[in-house]
1. From the residues in the range 67-104 that are in a loop (DSSP other than H, G, I, E, B) and among the aromatic types (F, W, Y), which one is surrounded by the most Cβ atoms within 10 Å (Cβ to Cβ)?
2. Which one is nearest to T203 (Cα to Cα), of the residues in the range 133-169 that are among the β-branched types (V, I, T) and at pLDDT 95 or above?
3. Give the residues of the range 15-44 that are modelled with pLDDT under 95 and in a loop (DSSP other than H, G, I, E, B), sorted by residue number.
4. In the range 161-180, what residues are crowded, with 23+ Cβ neighbours inside 10 Å and either free of Cβ contacts under 8 Å to residues at least 12 places away in the same chain or small (G, A, S) (or both)?
5. V147 - would you say it is in a strand (DSSP E or B), closer than 19 Å to I180 by Cα and either free of Cβ contacts under 8 Å to residues at least 40 places away in the same chain or touching a Lys or Arg at 6+ places or on another chain (Cβ under 7 Å) (or both)?
6. Within the group F64, F116, which residue is surrounded by 21 or more Cβ atoms within 10 Å (Cβ to Cβ) and part of a helix (DSSP H, G or I)?
7. I need the full set of residues from the range 120-148 which are buried (at least 20 other Cβ atoms within 10 Å of the Cβ) and farther than 24 Å from F81 by Cα, in order please.
8. Looking only at residues that are β-branched (V, I, T) and under 17 Å from G263 (Cα atoms) in the range 69-120, which one is nearest to the chain's Cα centre (by Cα)?
Amino acid sequence: MLAAFTSCTPQQKGSANIGSPSASEYSNLPMKWPDSKLPLRVYIADEYHAEIDNYSLVSGKDLFQQMMDKWNLADSNRTFFDTTTDYSAANLEYNYHTDYGKDNVVGIYRKNASWFSDIGSGVLAVTSYIITPVSGYMEMVKGDIIVNEAEFNFTLDSTDSTYGRYDLPSVLLHELGHLIGLKHTTSYSIPSVMRPEIGHTDTHRNPYTYDVNSIQSLYNTTYSAITAGGLAITSESSDEEPRYYQGYIELRADGKCRHYLEGELIDTHSAF
């Protein structure tokens, strides 16, 4: 599993195989992991383990693993996350979100120091990812979730109604949806954990019918070569260097979330 990311680890923006053609050409394409890379091993920051290892366990699984299993149950054809083993990693405190793409680990981290200046304040969490174009969709090759503990307070207790505390498992269920390729829903009227908002009194710890249908459609659809913005999207020749694109999706407290790819704003989503 880890070896799958090795090819994209050393590549930085500005190198020959990053960011060309324009990222906007790919903005409307679906993105997902190939089945060969599933289930994902998600490494949880040791600082989170100190809080969750003995809190509200179900069949020996912590709350983070429980949220992963909620997505596992959404599609009987595959397992998205490996929850049979408790994976742990040292917490990372990078200054730029792009630095999280340099390692071989899919992780969940907490940002305790100042939030990323290149993203800006008001963001509860981001899912940062790296993708590469294949036939008809963008293949995910790397992803991380970073939670903004520098500006916001979170709770593990679903009954905690303290003003200003956000339900961390609900935030993670949303971000895990991004981590396996789901984008924000554009409808305010449809119940979904992928709506671009979460209030400090909201608790959403189970995918809704819309979310289940969305993830099944994403992974059970066979994609073929299509054209996006005049650019033919096909599998690249084995003689060509693969191209990698780095992006992130925000979950903002004000419900006005943004989606960036290679530093370019490619989509905005508003809950209101």
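1. Once the filter is applied, the top-ranked residue is F80.
2. Initial filter on the range 133-169 (among the β-branched types (V, I, T)): 134, 141, 145-147, 155, 159, 162.
Those still in the list that are at pLDDT 95 or above too: 141, 145-147, 155.
Values: V141: 30, I145: 19, I146: 19, V147: 17, T155: 11 Å.
For the range 133-169, the residue satisfying everything is T155.
3. Here is the first cut: in the range 15-44, the ones modelled with pLDDT under 95 are 15-29.
Once the filter is applied, which keeps residues that are modelled with pLDDT under 95 and in a loop (DSSP other than H, G, I, E, B), the range 15-44 yields S15, A16, N17, G19, S20, P21, S22, S27, N28, L29.
4. G177
5. yes
6. Numbers: F116 fails: part of a helix (DSSP H, G or I).
The match here is F64.
7. Hit for the range 120-148 is V123, nothing else.
8. Applying the first criterion (β-branched (V, I, T)) to the range 69-120 yields 79, 83-85, 98, 105-106, 108, 119.
Subset that is under 17 Å from G263 (Cα atoms): 98, 119.
Values: T98: 14, I119: 16 Å.
Among residues in the range 69-120 that are β-branched (V, I, T) and under 17 Å from G263 (Cα atoms), the one nearest to the chain's Cα centre (by Cα) is T98.
The values are calculated or read from the model by the stated rules, or taken from the named source; none is laboratory data. Keep in mind it's a predicted model, so treat the numbers as computed, not measured. Because the Cβ atoms are built from the backbone with ideal geometry, glycine has one as well, and the counts that use them run over all protein chains shown.
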